[in-house]
Amino acid sequence: MSEETVVQFGAPTLAGIKTGSLFSCLYETKTGVYEDVRRLNRVLTPRGLCLLPLRFGEKRVLMYLFRPSGLKTDLRCRGARRILHDAGYDDASMGKCMRCLIRRLRESESFPHEIGLFLSYPPEDVRGFIENKAQNFKLVGTWKVYGDVDAARRTFARYQKCTESYCRAYSAGLGLEQLAVAI
């Protein structure tokens with residue numbers, strides 16, 4: 001897995017404006033994935049970021065780039081705690097939530113709907129997605145919006161602008177070490 005992939009799919013998280021980003025990559029061996037993750041985390045961890053493989057498929061691995069400090073905060077929100085409790089998470093601590101999410105991802109072919117909480121989606125939109133079975137949304141962008149459309153549009157635009165800016169900067173020669181903002 002290349003730095004370029006992490007920048008392309010994780011720019012808002014690298015910039016500190018989003019808690020987590022989820023993306024999949026082709027891989028040849030699990031050993032190679034773990035080597036890449038260790039190499040990339042040597043750069044990311046000192047800047048408050050973590051890269052984890054969540055689920056391996058036959059040829060693709062699902063990767064999660066996140067800021068643990070931001071995730072702790074996001075999961076403490078009352079709306080997030082309620083969704084997690086309803087989904088069967090016994091404890092709202094970040095570590096236990098991560099273990100539960102990984103287990104749920106590995107036991108099922110589909111995504112557990114609460115995964116949006118790990119990606120900075122507003123709890124009201126995660127709840128709306130679950131309750132409406134992914135129907136009756138007001139807007140589609142990075143996620144399906146059931147709540148504040150104007151705020152979501154602004155957020156989608158920020159994420160897009162950040163991604164474009166980071167991809168340009170990476171192409172111009174800046175590396176992950178310069179692009180990963182320490183928070």
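The values are calculated or read from the model by the stated rules, or taken from the named source; none is laboratory data. Keep in mind it's a predicted model, so treat the numbers as computed, not measured. Every residue, glycine among them, receives a Cβ derived from its backbone with ideal geometry; neighbour counts consider all protein chains shown. Surface areas here come from the heavy atoms of the whole protein model, side chains and all, with no ligands, DNA or RNA. Shrake-Rupley method; radii C 1.70, N 1.55, O 1.52, S 1.80 Å.
Do any helices (runs of 4 or more DSSP H) lying entirely in the stretch 91-183 carry at least 1 residues that are of a type in the set (Lys, Arg) and open to solvent by less than 60 Å² (accessible area, probe 1.4 Å), and which ones are they? Can you show your working first?
Values: elements: 94-107, 123-131, 149-171, 176-179.
Once the helices (runs of 4 or more DSSP H) in the stretch 91-183 are filtered for at least 1 residues that are of a type in the set (Lys, Arg) and open to solvent by less than 60 Å² (accessible area, probe 1.4 Å), what remains is 123-131.
In this structure, Ser21 qualifies as on the phi < 0 side of the Ramachandran plot and touching a residue at least 12 places away in the same chain (Cβ under 8 Å).
Within the stretch 57-74, being closer than 14 Å to Thr19 by Cα and over 13 Å from the mean Cα position of the chain (by Cα) holds for Ser69, Lys72, Thr73.
Consider the stretch 16-68. How many of its residues are assigned to a strand (DSSP E or B), touching a Cys at 6+ places or on another chain (Cβ under 7 Å) and not β-branched (Val, Ile, Thr)? Outline the logic, then answer.
Taking the stretch 16-68 and keeping what is assigned to a strand (DSSP E or B), we get 20-26, 50-56, 60-66.
Filter once more, keeping what is touching a Cys at 6+ places or on another chain (Cβ under 7 Å): 60-61, 63, 66.
After this cut, where a residue has to be not β-branched (Val, Ile, Thr) as well, the list is 60, 63, 66.
Residues in the stretch 16-68 being assigned to a strand (DSSP E or B), touching a Cys at 6+ places or on another chain (Cβ under 7 Å) and not β-branched (Val, Ile, Thr): 3 in total.
How about the stretch 34-49: which of its residues are closer than 17 Å to Met94 by Cα and surrounded by 18 or more Cβ atoms within 10 Å (Cβ to Cβ)? Leu49 - this is the single residue of the stretch 34-49 that is closer than 17 Å to Met94 by Cα and surrounded by 18 or more Cβ atoms within 10 Å (Cβ to Cβ).
Could you grab me the full set of residues in the stretch 13-33 that are of a type in the set (Ser, Thr, Tyr) and either surrounded by fewer than 13 Cβ atoms within 10 Å (Cβ to Cβ) or in contact with an Asp or Glu (Cβ under 7 Å, 6 or more places away or on another chain) (or both)?
Within the stretch 13-33, the first condition is being of a type in the set (Ser, Thr, Tyr), and the residues that meet it are 13, 19, 21, 24, 27, 29, 31.
Selection gives Thr19, Thr29, Thr31.
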